[in-house]
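K.L.:
Could you have a look at this structure, given as structure tokens, before my questions?
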Amino acid sequence: MNKTSYDSKLQTGDIIRYTTCSEHCFNMCILKVYIRDGRIWAVEPDDTVNHGIAREDGHLSDEVVDKFMITTRPCTKGYAHIRNLNAPNRLKYPMKRVGEKGEGRWERITWNEALDTIA
């Protein structure tokens, strides 16, 4: 079994999960994500079908491809998604503007208050 560079960096307590990157397009590419202390620290393409092969084109026979034994590889946006998840300015909670428009002053509100405000 071939090991990826991320597999070799696993520490006790790390978790590997498979998920999709569905917000950018409709391909629903499968991502293998490495989680440490509740945060994703690395992303790789799905390797459940052809383990250890980062790119399937040119490495697999036509017979294998014809049987659909391939995995859609994520695009650059899928790999970059980790930056969005861990961005320090990512909005994680509903916020309500306090003060005048453009001042950039906000306060955190509950989800119920946010839903009541927009409903």
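The values are calculated or read from the model by the stated rules, or taken from the named source; none is laboratory data. No experiment lies behind these values; they were computed from the predicted model shown. Please note that ligands, DNA and RNA were not included when accessible areas were found on the heavy atoms of the full protein model with its side chains. Shrake-Rupley method; radii C 1.70, N 1.55, O 1.52, S 1.80 Å.
K.L.:
If I filter segment 64-114 down to residues being in a helix (DSSP H, G or I) and hydrophobic (A, V, I, L, M, F, W, C), which single residue comes out as modelled with the lowest pLDDT?
P.N.:
Our first condition is that a residue be in a helix (DSSP H, G or I); within segment 64-114, this holds for 64-66, 76-85, 111-114.
Now narrow it down to the ones that are hydrophobic (A, V, I, L, M, F, W, C): 64-65, 80, 82, 85, 111, 114.
Details: VAL64: 69, VAL65: 65, ALA80: 79, ILE82: 80, LEU85: 80, TRP111: 95, ALA114: 95.
By that ranking, first place goes to VAL65.
K.L.:
Within segment 1-50, restricting attention to residues that are farther than 24 Å from SER61 by Cα, open to solvent by less than 70 Å² (accessible area, probe 1.4 Å) and among the acidic types (Asp, Glu), which residue is modelled with the highest pLDDT?
P.N.:
ASP14
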